[in-house]
Amino acid sequence: MFDMRDFNNRDRNSFGKLFMDLEVFHSTPEFDRLGLVKHVLEQFKISRDGDHGPGHWARVRLNGLKVGSMRGADLLVIELFAFLHDSQRLNEYSDRHHGARAAEFAASLNGQFFNLRAEQLDKLCHAICNHSGGDVHTCTTIQSCWDGDRLDLGRVGIKPHKDYLSVEAASLITSAYKMSRGVLCS
Ligand SMILES: [Fe+2]
């Protein structure tokens, strides 16, 4: 059963003040942000303290929103990607089909926690389904989602490479790498 106090205490201990605190995820009539995060966490099957847990989602969100803001991308799709793209993992390793399962999960939640138009949902599902394939994309929203994820590779000891990032995201490699390694940046 989900317990916000337990999660918040563990989260602060594990990830420090920068990372996900559910109290900051305010809901609006258009986007039940808190409800979505709780729902994703309740069904999450691997460790919340692992490489693909909520600390990662929070950094992907932050990175993705920074890049997406610079590029004029769809910030709602980017935020949903951050919360959902690793939500169906069964392990921390290859799990080849976790993206496809997460895309299906995301589509099932449209109309419950958020309301995407068909075009937005297509972008979200494409970004989620293909996020671990190493592709680059001409759609600014899809690429901003992948940029957000790739900028957090430092958590597993990998320095993000500009060839897999937009120009705007490449300008953030140094600061994102420090954040992914637990160094807080202003
Ligand atoms: Fe990820």
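The values are calculated or read from the model by the stated rules, or taken from the named source; none is laboratory data. Worth saying up front: this structure is predicted, and the values here are computed from it rather than measured. Neighbour counts are summed over all protein chains in view; Cβ atoms, including those assigned to glycine, are modelled from backbone coordinates with ideal geometry.
Brief remarks on what is shown
- Unmet requirement for Gly157, which otherwise passes all of (1) free of Cβ contacts under 8 Å to residues at least 12 places away in the same chain; (2) within 23 Å of Val37 (Cβ to Cβ): (2)
- The range 48-73 residues that are within 25 Å of Asp95 (Cβ to Cβ), paired with ones that are within 11 Å of the ligand (Cβ to nearest atom) and β-branched (Val, Ile, Thr) (beta carbon under 9 Å, 6 or more apart): Asp51/Val156
- Of all residues assigned to the range 71-80, at least one qualifies as being buried (at least 22 other Cβ atoms within 10 Å of the Cβ), of a type outside the set (Gly, Ala, Ser) and out of contact with any Gly (no Cβ under 9 Å at 6 or more places or on another chain).
- Listed by position, the helices (runs of 4 or more DSSP H) inside the range 89-186 whose residues that are in contact with a Ser or Thr (Cβ under 9 Å, 6 or more places away or on another chain), within 16 Å of the ligand (Cβ to nearest atom) and of a type outside the set (Phe, Trp, Tyr) number at least 2 are 98-109, 118-129, 140-150.
- Subset of the range 20-54 that is β-branched (Val, Ile, Thr) and in a loop (DSSP other than H, G, I, E, B) - its residue that is modelled with the highest pLDDT: Ile46
- Filtered residue count, the range 133-156, keeping only those that are closer than 19 Å to Ala58 by Cα and either among the β-branched types (Val, Ile, Thr) or modelled with pLDDT under 95 (or both): 3
- Among the residues of the range 137-186, those that are over 12 Å from Val67 (Cβ atoms), more than 17 Å from the chain's Cα centre (by Cα) and β-branched (Val, Ile, Thr) comprise Thr138, Ile158, Thr174, Val183.
- Qualifying residue in the range 82-104 (condition: within 29 Å of Lys38 (Cβ to Cβ), aromatic (Phe, Trp, Tyr) and either surrounded by fewer than 17 Cβ atoms within 10 Å (Cβ to Cβ) or without any contact (Cβ under 8 Å) to a residue 12 or more places away in the chain (or both)): yes
- Given (1) surrounded by fewer than 22 Cβ atoms within 10 Å (Cβ to Cβ); (2) within 16 Å of the ligand (Cβ to nearest atom); (3) modelled with pLDDT of 95 or more, index of the condition Trp57 fails: (1)
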